[in-house]
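*Asks:* I have a structure here, written as structure tokens, and I will follow up with some questions on it.
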Amino acid sequence: MSAVLALGVGGAVAPAAAAASPATATTTAPSVAANADYASKDLKNGRTQRGKASPAGKAGDARPPARSSLRCWNPYLSGRVFAVSCSGRAFRVFVDCSNRVRYITPVLSGSKRVTMVCPAGTRALRGGAFGR
């Protein structure tokens, strides 16, 4: 049984291709203009952990396989915000933002309510969680 949660507007994102001449051996990856923030509230003791979510590739990239022990419920998607409650041993929450970047939390464990906020000037398109 797979436990992956994805919420949002469907659609495809076409990757941008950059052609380089054979003489150009090095290429520079495009930099991300801003970071997404996250807050993870422990549902048992009420403690909140805050931080920056890491860019993890282009929005819509394939999600890693999930394990059956991850449970998620009560997703929320509005404006720049994606939030979801999850319970598991080792999981990550992600949000795809309108700047075509997927942001991802560090590995979390236990029962958490995770809120992710896309950078200013962008919108949250979809989000989810994966892990075990």
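Since every read-out is calculated from the coordinates, none of them should be taken as a lab result. As the structure is a prediction and not an experimental result, all values here were calculated from the model. Reconstructed Cβ throughout: ideal geometry from the backbone, glycine too, with neighbour counts over all protein chains shown.
*Asks:* Using θ = phi - 60° and the Karplus form 6.51 cos²θ - 1.76 cosθ + 1.60, what ³J(HN,Hα) does each residue of segment 38-43 get, whole Hz, x for Gly and Pro?
*Replies:* 9, 9, 10, 9, 5, 6
*Asks:* Follow-up question, since we're still on this one. Just want the answer: with Cβ charges of +1 for Lys and Arg and -1 for Asp and Glu, which residue in Ser98, Leu70, Val117 is farthest toward the dipole's positive end in segment 35-124?
*Replies:* Value computed over the given set: Leu70.
*Asks:* Still on this structure: What ranking do Arg50, Arg80 get, fewest neighbouring Cβ atoms within 10 angstrom at the top?
*Replies:* Final ranking by Cβ density, sparse to dense: Arg50, Arg80.
*Asks:* For segment 35-124, just the Cα atoms, rotate onto the principal axes and tell me the three extents in Å, largest first.
*Replies:* Over segment 35-124, Cα extents along the principal axes are 34, 27, 20 Å.
*Asks:* Arranged by the count of other C-beta atoms within 10 angstrom, fewest first, what order do Lys112, Lys52, Lys44 take?
*Replies:* The fewest-first ordering by Cβ neighbours comes to Lys44, Lys52, Lys112.
*Asks:* Also, quick follow-up: Which value, in Å³ per residue, describes the convex hull spanned by the Cα atoms of segment 75-125?
*Replies:* Spread over its residues, the Cα hull of segment 75-125 gives 58 Å³ apiece.
*Asks:* Where does each of 101-111, 87-97, 121-131 land if you order them by average Cβ count within 10 Å, highest first?
*Replies:* Put in order of decreasing packing, that is 87-97, 121-131, 101-111.
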